[in-house]
Each structure stands twice: as structure tokens, then as C-alpha cells.
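Colleague: Okay, handing you the structure first.
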Amino acid sequence: MQRIAAMPRWTRPGHALGRRRPRWLTAIGTIALLFAAVWLAARLDPLPPRFTGMAIAADGDSLRLGNDRVRLLGIDAPELDQTCWRAEGSEWPCGREARAELARLVAGREADCQPAGTDKYGRTLARCSVAGDDLGAAMVRAGLALATEGYVLEATAARTERRGLWQGRFVDPKTWRDEGPTGDPGKSLVEQLWDGFRELTGARALR
């Protein structure tokens, strides 16, 4: 009689090694592989190299370094021809003052920039610093640029202390670019309510 070889123990139904791997374990393995692939891609495709040079302020959030046009990441300054309004209603050239402040920050010194791509106008998007000071942070801290990415502490300080744009009223630079020059937007509802409260109570103006 022909003998049938016995099945190895590890292939028998019910044995631990013969069971199918749980789906959750397979999912975890897949996620781990994806993370490993992303990490490897980041290592193989590093950020573009930093570059330095004597900078000239084109406006409140962009520079020229030789032939390179650089747009500072994380901020949006008033357009060069943009005007803003002080608390009592008088106009001031906030766009030109923003450029003057950036020019003061870079004057006669070398800027160090870390690029992170280009914008639709072909400008290099970068975070730049002078003598270790982040230019974007300095502009937001002065109240002459809005923070669009990060710079939370600088933006809070500028607004609390009513620096630059925050001394009165202004139109968001993006709105100014999209819709063109506009008149004084007037006091916000909060400001109007506060003025009414001051008239009723004789309270001092907000500082």
C-alpha cells in the first residue's frame, strides 16, 4: 500500500504559521512602507541650495539679488502704490513705507536666502535673513506686512501695539491687487461700538 507523506505541522490548518496575516497588520506594514518611501524621497531630493548676495528692496515683500527676483515667503506687504489710513482718518503711503523699511533692513548688508520654489511670475520664493535676522519676521513685527504663514508672535505684538498698518485701517493687500485702489473702509463694527461706549461713559480710547 502506498504511503501518503504526512503534512508538515506548520502547514496544517489551525497551526499558528499557517494562519493568514490579520488585515490590520498588513495595513500597518503598508503605512510604514509609505512613510519610508517619503523619507527616502526627501533625502534624495533636498531643498535647492541657499544663495546670498547684496539685496535691493523692490517693495515690502520682495527683493532683487543680482539677477534674481525673490518673493519673501510667509508675508504679504501692501502694494507699492497702496495707501492706508490712520485712526483719525488721514492717509499715509503704507506701500512705500513698507518698501522703505525692507530697504533699511537690507541696506549695505548681504542677504542669505533659502529658496522653496517659484511663483507664477517666475520669482524665487524664499525665506531670507540678514545677519541672522529673518526679514519676514522683521516686517511683520514692524506692522508693515501681514503674516500669511507662521510669524504668529510677531503679528500679535504688532497688532497689540498698533504698529504700522494696525495704527488705523487698511485694505488687505490681496484685495487691493484684485479689486484696485479703494477709499477708507471706515471703522469696523467693534470700533464703532467702542466709540459709542466712550461717548456714553467718557472712557479713554483704546491703546
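The values are calculated or read from the model by the stated rules, or taken from the named source; none is laboratory data. Quick caveat, the model's predicted, so the values are computed rather than measured. Every residue, glycine as well, gets a Cβ built from its backbone with ideal geometry; the counts of neighbours run over all protein chains shown. Ligands, DNA and RNA are excluded from the accessible area calculation, which covers all protein heavy atoms including side chains. Shrake-Rupley method; radii C 1.70, N 1.55, O 1.52, S 1.80 Å.
Colleague: Among the helices (runs of 4 or more DSSP H) contained in region 111-191, which hold 3 or more residues that are in contact with a strand residue (DSSP E or B) (Cβ under 9 Å, 6 or more places away or on another chain) and under 29 Å from residue 49 (Cβ atoms)?
Modeller: Values: elements: 135-141, 152-160, 173-179.
Result: 135-141.
Colleague: Report the residue count in region 111-122 for those that are at pLDDT 95 or above and open to solvent by 30 Å² or more (accessible area, probe 1.4 Å). Break it down stepwise before answering.
Modeller: Restricting attention to region 111-122, the residues satisfying the condition of being at pLDDT 95 or above are 111-115.
When the remaining residues are screened for being open to solvent by 30 Å² or more (accessible area, probe 1.4 Å), the result is 112, 114.
The number of residues fulfilling the criteria is 2.
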